[in-house]
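Asker: Got a structure for you, questions after.
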Amino acid sequence: MTTATKPISDEVLQTAARVIKCLGHPLRLRLLEIMERGGEQNVSELQSYSGATQAAVSEQLGILRGHGIVESRRDGTYMLYRIIEPKVFRILACVRECEIIDGRIA
């Protein structure tokens, strides 16, 4: 460890672990990627773009909402979802930079 590197506090590690665990699901990452590109989306749009069932999309959105990653708002008969955790954009950018070589991230 260099002298310029400050240790990460236990509180930050606990919070980061919860967020990373929440994001550690391929469909959740896909839904976030769709919202990152298209802004607010309703369940039908997310279902269409992801190819997942309505039940699966709704379940994963509930998990993301419960962890404070996305929020929802009603617009007429639609419930719209959007990303509210700004660090998600950096995490998605990091994921995009990964290369898969022989089934492993390189």
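The values are calculated or read from the model by the stated rules, or taken from the named source; none is laboratory data. These figures come from a predicted structure and were not determined experimentally. Here the Cβ is made from the backbone with ideal geometry for all residues, glycine too, and neighbour counts use every protein chain on show. The area values use the complete protein model at the heavy-atom level, side chains included, leaving out ligands, DNA and RNA. Shrake-Rupley method; radii C 1.70, N 1.55, O 1.52, S 1.80 Å.
Asker: Counting just the residues of the range 39-57 that are crowded, with 17+ Cβ neighbours inside 10 Å and touching a helix residue (DSSP H, G or I) at 6+ places or on another chain (Cβ under 7 Å), which one comes out farthest from GLU85 (Cα to Cα)?
Answerer: For the range 39-57, the residue satisfying everything is ALA52.
Asker: A further question follows. Could you list, ordered by first residue, the pairs with Cβ atoms under 6 Å in which the first is in the range 8-28 and open to solvent by less than 100 Å² (accessible area, probe 1.4 Å) and the second is assigned to a loop (DSSP other than H, G, I, E, B) and not aliphatic (A, V, I, L, M), at least 6 apart or interchain?
Answerer: The qualifying pairs are CYS22/HIS67.
Asker: Enumerate the pairs (first residue in the range 58-77 and closer than 12 Å to LEU31 by Cα and part of a strand (DSSP E or B); second residue anywhere and open to solvent by 60 Å² or more (accessible area, probe 1.4 Å) and of a type in the set (Lys, Arg)) with beta-carbon separation below 9 Å, excluding pairs fewer than 6 apart on the same chain, so at least 6 apart or on different chains.
Answerer: These pairs meet every condition: VAL70/ARG82.
Asker: Go through (1) assigned to a helix (DSSP H, G or I); (2) over 17 Å from LYS87 (Cβ atoms); (3) not aliphatic (A, V, I, L, M) and name the single condition GLU36 misses.
Answerer: Evaluating GLU36 over (1) assigned to a helix (DSSP H, G or I); (2) over 17 Å from LYS87 (Cβ atoms); (3) not aliphatic (A, V, I, L, M) leaves (2) as the failure.
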